[in-house]
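Chemist: Here you go, one structure.
The values are calculated or read from the model by the stated rules, or taken from the named source; none is laboratory data. None of these values were measured; they are calculated from a predicted model. For neighbour counting, all protein chains shown are included, and Cβ atoms are generated from backbone atoms with ideal geometry for every residue, glycine included. The accessibility values were calculated without ligands, DNA or RNA, using every heavy atom of the protein model including side chains. Shrake-Rupley method; radii C 1.70, N 1.55, O 1.52, S 1.80 Å.
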Amino acid sequence: MDRTRVVIAAGLAVVLIVGVIIVSLVFGSGNDQAAQPETPPAPLRTGPVPLVPVPAPAAASADCATLIQQVPATLQADKAVLTKAALAEPAPPASVAWTDQRSDPVVLRCGLEKPAELTPTTQNLRAIDGVSWLPVEGPGSTTWYLADRPVYVALTIPAAAGTGPLQDISTLVTKTLPKEPS
């Protein structure tokens, strides 16, 4: 009689283990989310965007005034629409920033000095919508320098924003600034 109980208990244990395995396979263990925790969204940034002043001898030029007056209220980034932001005082002249308040801003500066990286032998110019840009990589962002217009413009784009802002600003440059002869 004791042997019968042991066999029944062993059989029930096997059935119970098989049942747990089947239920786990069908309904999941629930640990999938624990293995890959979701990244919480970045905190909202509030207030004006602070910009460090840089030499911009042509910031007061008519070309910069025209460009700055025509900048769009929004730019399309990879995962968000960036909105034109207020700049902290004292704001550098001929500068604009766009942000979604969760990531670093896209910054446009007009009237800068010629970038040292732009030489007669520069090989890595990129044409975007008929506009020639020189990309200069930085930590977490790329600054694109306008290379074929009467004023130097820098567009700094965080890596997470993608190429949408560069395309939007290239379209604007084509409409507002005459191309310099090569």
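Chemist: So which of Leu155, Leu108, Leu166, Leu118 ends up being open to solvent by less than 30 Å² (accessible area, probe 1.4 Å) and assigned to a loop (DSSP other than H, G, I, E, B)? Talk me through it step by step, then tell me what you get.
Modeler: Values: Leu155 fails: assigned to a loop (DSSP other than H, G, I, E, B); Leu108 fails: assigned to a loop (DSSP other than H, G, I, E, B); Leu166 fails: assigned to a loop (DSSP other than H, G, I, E, B).
Matching residue, one of Leu155, Leu108, Leu166, Leu118: Leu118.
Chemist: Considering only region 140-165, state which residues are under 14 Å from the mean Cα position of the chain (by Cα) and among the charged types (D, E, K, R).
Modeler: Listed by number, the list is empty, since nothing qualifies.
Chemist: For region 121-143, give me each residue that is open to solvent by less than 60 Å² (accessible area, probe 1.4 Å), under 18 Å from Lys175 (Cα atoms) and free of Cβ contacts under 8 Å to residues at least 24 places away in the same chain.
Modeler: Of region 121-143, the ones open to solvent by less than 60 Å² (accessible area, probe 1.4 Å) are 122, 128, 130-136, 138, 140-143.
Narrowing further to those that are under 18 Å from Lys175 (Cα atoms): 128, 130-133.
Ser132, the sole residue that qualifies.
Chemist: In region 78-105, which residues are in contact with a strand residue (DSSP E or B) (Cβ under 7 Å, 6 or more places away or on another chain), part of a loop (DSSP other than H, G, I, E, B) and among the charged types (D, E, K, R)?
Modeler: Result: Asp100, Asp104.
Chemist: If you don't mind, another one. Assuming Glu137 fulfils every condition listed in (1) acidic (Asp, Glu); (2) within 18 Å of the chain's Cα centre (by Cα); (3) under 28 Å from Ala60 (Cβ atoms) apart from one, which condition is it?
Modeler: Failed condition: (3).
Chemist: What about Pro92, is it at pLDDT 95 or above and not acidic (Asp, Glu)?
Modeler: On the way: at pLDDT 95 or above: yes; not acidic (Asp, Glu): yes.
Considered against the rule, which asks whether it is at pLDDT 95 or above and not acidic (Asp, Glu), Pro92 comes out as yes.
Chemist: Same structure again: For Gln70, indicate whether it is open to solvent by 90 Å² or more (accessible area, probe 1.4 Å), at pLDDT 95 or above and of a type outside the set (Ser, Thr, Tyr).
Modeler: Yes.
Chemist: So is Leu67 closer than 17 Å to Thr174 by Cα and of a type in the set (A, V, I, L, M) or not?
Modeler: Yes.
Chemist: Among the residues of region 126-142, how many are more than 14 Å from Gly164 (Cβ to Cβ) and either aliphatic (A, V, I, L, M) or touching a helix residue (DSSP H, G or I) at 6+ places or on another chain (Cβ under 8 Å) (or both)?
Modeler: Selection size over region 126-142: 8.
Chemist: So, Ser24, is that one open to solvent by less than 70 Å² (accessible area, probe 1.4 Å), under 20 Å from Ile157 (Cβ atoms), modelled with pLDDT under 95 and not hydrophobic (A, V, I, L, M, F, W, C) or not?
Modeler: Judged against the criteria, Ser24 is not a match.
Chemist: On to the next question. I need every pair where a residue in region 66-80 that is under 15 Å from Ser103 (Cβ atoms) has its Cβ under 8 Å from the Cβ of a residue that is part of a strand (DSSP E or B) and open to solvent by 90 Å² or more (accessible area, probe 1.4 Å), sequence separation at least 6 or different chains.
Modeler: Going by the 8 Å Cβ cut-off, the qualifying pairs are Thr74/Lys84.
Chemist: Show the residue pairs that are 6+ apart or on different chains and have beta-carbon atoms under 6 Å apart, the first residue being within region 82-99 and under 18 Å from Ile169 (Cα atoms), the second being of a type in the set (Asp, Glu).
Modeler: Taking only residues 6 or more apart or on different chains, the pairs are Leu82/Asp100.
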